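Before any comments, here is the structure.
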Amino acid sequence: MRRAFTIPQDEPHVTITINVGEDFKSIVWKAQYDMDFKTECLFCYSDKIKGYRVEDEWGRNGKVAVCPHCEKVNAVYL
């Protein structure tokens, strides 16, 4: 039997769950540019990836590094 996990609205540091290799969903995650990384993409070997601050519809947030060419998440960072 599984129970639904509920997040209290007053919890200030709840992070979004995003997996490496997941397609980047800039509109759904309310993405905002954060920084550039000088490293290759894990999936298409493009020479740069970009960092974004993201937030989902429930207010959970995090930071992800995304390839602008193939639009795959390469890393989750703090």
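The values are calculated or read from the model by the stated rules, or taken from the named source; none is laboratory data. Given the structure is predicted, the values throughout are model-derived calculations rather than measurements. Quick reminder, even Gly has a Cβ in these numbers, built from the backbone with ideal geometry, and neighbours come from all protein chains shown.
Quick notes on this one:
- Of the listed requirements (1) surrounded by fewer than 17 Cβ atoms within 10 Å (Cβ to Cβ); (2) basic (Lys, Arg); (3) more than 14 Å from THR15 (Cα to Cα), ARG53 misses just one: (3).
Residues checked against (1) touching a strand residue (DSSP E or B) at 6+ places or on another chain (Cβ under 7 Å); (2) at pLDDT 95 or above:
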position	(1), (2)
GLU11	no, no
THR17	no, no
LYS25	no, no
ASP36	yes, yes
THR39	yes, no
TRP58	no, no
GLY62	yes, no
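- The number of residues in segment 33-78 that are in a loop (DSSP other than H, G, I, E, B) and more than 14 Å from THR17 (Cα to Cα) comes to 16.
- Taking the criterion of being in contact with a Pro (Cβ under 8 Å, 6 or more places away or on another chain) and among the charged types (D, E, K, R), the residues of segment 34-70 that qualify are LYS48, LYS50.
- Every pair of residues 6+ apart whose Cβ atoms lie under 6 Å, when the first sits in segment 61-78 and is over 10 Å from LEU42 (Cβ atoms) while the second is part of a loop (DSSP other than H, G, I, E, B) and among the polar types (S, T, N, Q): HIS69/SER46
- Among the residues making up segment 19-36, a single one is touching a Gly at 6+ places or on another chain (Cβ under 6 Å) and surrounded by 13 or more Cβ atoms within 10 Å (Cβ to Cβ): ASP34.
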